[in-house]
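The values are calculated or read from the model by the stated rules, or taken from the named source; none is laboratory data. Please read these numbers as outputs of a predicted model, since none were measured by experiment. Note: ideal-geometry Cβ built from the backbone for every residue, glycine included; neighbour counts use all protein chains shown.
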Amino acid sequence: MALGSSESSKELAQDKPAIALVAHDACKKDLVEWARFNRGTLSAFTLYATGTTGARLEAETGLKVRRLLSGPYGGDAQIGALVSEKRVCCLIFFWDPLTPQPHDVDVKALLRLAVLHNIPTACNRATADFLISSPLLKRLIADPNG
């Protein structure tokens with residue numbers, strides 16, 4: 001079930017660092033394949049994802065994902081709020097640069113917030129591979145407060 005505005009802060013509480021995962025329709029398969037390959041590392045994090053992406057990640061990788069609303073219905077804004085609150089340590093957003101998105105304004109706002117709040121962001125598989133294999137990210141697993 002997607003987390004809506006009525007969800008309590010207790011349900012959003014986390015005891016480990018978090019990663020936000022988002023993918024446009026044309027990129028969902030790539031994100032799922034990437035997540036499956038990196039399942040071991042990702043399982044050490046709290047994972048947030050927009051609706052459909054989160055459902056596919058859970059079903060196809062077995063990872064536990066806190067699903068938010070679908071992107072066009074406010075999920076990108078919810079991820080943006082997590083970014084603004086520094087509740088995620090990185091954003092993996094496989095976006096489709098060739099297909100116009102009806103919620104393009106939300107997509108741009110999310111990417112703007114990630115840059116503004118200095119959140120490492122990967123917009124394609126190559127960059128996501130760099131982030132997930134970074135010793136700095138692995139250090140967060142060992143010491144979430146450091």
- Task: Name every residue in region 38-93 that is over 10 Å from the mean Cα position of the chain (by Cα), surrounded by 20 or more Cβ atoms within 10 Å (Cβ to Cβ), polar (S, T, N, Q) and closer than 19 Å to residue 123 by Cα, in order of residue number.
- Result: 78
- Of the residues 64, 138, which is assigned to a helix (DSSP H, G or I), touching a helix residue (DSSP H, G or I) at 6+ places or on another chain (Cβ under 9 Å) and either within 17 Å of residue 16 (Cβ to Cβ) or at pLDDT 90 or above (or both)? 138
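Across region 5-27, what is the number of residues that are assigned to a loop (DSSP other than H, G, I, E, B), of a type in the set (Gly, Ala, Ser) and at pLDDT 50 or above?
Of region 5-27, the ones assigned to a loop (DSSP other than H, G, I, E, B) are 5-8, 13-17, 24.
Narrowing further to those that are of a type in the set (Gly, Ala, Ser): 5-6, 8, 13.
Keeping just the survivors that are at pLDDT 50 or above gives 13.
Residues meeting the conditions: 1.
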- Task: Assess whether residue 77 counts as being modelled with pLDDT of 95 or more and in a helix (DSSP H, G or I).
- Result: no
- Item | Matching residues, region 58-78, being farther than 19 Å from residue 107 by Cβ and out of contact with any Lys or Arg (no Cβ under 8 Å at 6 or more places or on another chain) | 59, 64, 65, 66
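Does residue 87 fit the bill of being in a loop (DSSP other than H, G, I, E, B) and within 22 Å of residue 38 (Cβ to Cβ)?
On the way: in a loop (DSSP other than H, G, I, E, B): yes; within 22 Å of residue 38 (Cβ to Cβ): yes.
Judged against the criteria, residue 87 is a match.
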- Query: What is the one condition in (1) assigned to a helix (DSSP H, G or I); (2) in contact with a Leu (Cβ under 7 Å, 6 or more places away or on another chain) that residue 30 does not satisfy?
  - Reply: (2)
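When the residues of region 36-73 are filtered to those that are in contact (Cβ under 8 Å) with a residue 60 or more places away in the chain and of a type in the set (Lys, Arg), which remaining residue is nearest to residue 141 (Cα to Cα)? Steps first, please.
Here is the first cut: in region 36-73, the residues in contact (Cβ under 8 Å) with a residue 60 or more places away in the chain are 38, 41-42, 44-45, 66-70.
Checking which are of a type in the set (Lys, Arg) leaves us with 66-67.
On the way: 66: 18, 67: 21 Å.
So the residue we want is 66.
Please indicate, with yes or no, whether at least one residue in region 118-125 is charged (D, E, K, R), under 20 Å from residue 37 (Cα atoms) and in a helix (DSSP H, G or I).
Applying the first criterion (charged (D, E, K, R)) to region 118-125 yields 125.
Those left that are additionally under 20 Å from residue 37 (Cα atoms): 125.
From the residues that got through so far, the ones that are in a helix (DSSP H, G or I) too are 125.
Yes, some residue in region 118-125 is charged (D, E, K, R), under 20 Å from residue 37 (Cα atoms) and in a helix (DSSP H, G or I).
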- Note on the structure: Log entry, pairs with first residue in region 115-126 being surrounded by 17 or more Cβ atoms within 10 Å (Cβ to Cβ), second being among the β-branched types (Val, Ile, Thr) and in a strand (DSSP E or B), beta carbons closer than 6 Å, six or more apart or on different chains, reads 122/92
- Task: Would you please name the residue that is nearest to residue 44 (Cα to Cα), looking only at residues in region 94-114 that are surrounded by fewer than 17 Cβ atoms within 10 Å (Cβ to Cβ) and among the acidic types (Asp, Glu)?
- Result: 96
